[in-house]
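Undergrad: Got a structure for you, written out below as structure tokens; questions coming shortly.
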Amino acid sequence: MRKILPLLGLLLIAALFFTGMVLGSEITETPRQDPVSQEAIGEVRSTDLDVLIQAFGCQVPYGSRSGAGYVADAGIGTLRARMLLWQSSDGLVTGAVRPVEAAQLLRREELTLNNSTLWTLGGQTLLMAEGADAACAYYDDGDTAFSLYMENADIQQLLTRLSDNVIFPQ
């Protein structure tokens, strides 16, 4: 019995030591990258889509090059973003925001998201939303979030317009 108690004590100490090693070891995981805020530019208004694309800093989907829009500073909390809105003459409104973490700036609260079906169009997977008199398609490319909105349309009408007339950046 005298020999068993010290042996049990040593086993208990060893078990506690190894448990402490396992629980105390650092778990290595990929550190989360904080979104990069955009530099402030103020506001740029134009009827020339190329001027707006230049100010925004990347290509955007569009239906018609005829229209008007703007690029402006936006933000969510401490995140500074850059936002583009283009109202084309065919009634399609293109919205874009960088960085992608500011995507909620494009959300149209009056529309209900249709999570049951995702659509693929122009190489992009679209999340659709619709309301009583409008529809919107949302997608992102990892860096930028986009919305394509049309009044007086349902999801099917919007998808038809997008497949027939919209040029998606590659």
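Undergrad: Based on the alpha-carbon gyration tensor of the range 108-170, what equivalent-ellipsoid semi-axes (square roots of 5 times the eigenvalues) come out, in whole Å, largest first? List each step's numbers first, then the result.
TA: Working: eigenvalues 64, 36, 21 Å².
Output for the range 108-170: semi-axes of 18, 13, 10 Å.
Undergrad: Taking a virtual spin label 7 Å from the Cα of Tyr70 along the C-beta vector, which residues in the range 43-61 bring their backbone nitrogen under 18 Å of it?
TA: 43-57
Undergrad: Still on this structure, I have one more. Applying a 10 Å radius around every beta-carbon, put 62-73, 45-56, 114-125 in order of their mean neighbour count, most first. Provide the component values of the computation, followed by the final result.
TA: Details: 62-73: 18.1, 45-56: 16.2, 114-125: 12.1.
For the peptides 62-73, 45-56, 114-125, the packing ranking is 62-73, 45-56, 114-125.
Undergrad: May I pose another question? Can you tell me the relative contact order of the range 77-151? Whole percent, Cα pairs under 8 Å, sequence separation 6 or more.
TA: On the way: 141 pairs, mean separation 23.0, N = 75.
In percent, rounded to a whole number, it is 31.
Undergrad: Could you rank the peptides 141-148, 160-167 by their average count of other C-beta atoms within 10 Å per residue, with the highest value first?
TA: Details: 141-148: 19.8, 160-167: 14.8.
Ranked by mean Cβ neighbours within 10 Å, highest first: 141-148, 160-167.
Each value in this text was obtained by applying a stated rule to the coordinates, not by laboratory testing. Just so we're clear, the structure is a prediction, and the values are computed from it rather than from any experiment. Here the Cβ is made from the backbone with ideal geometry for all residues, glycine too, and neighbour counts use every protein chain on show.
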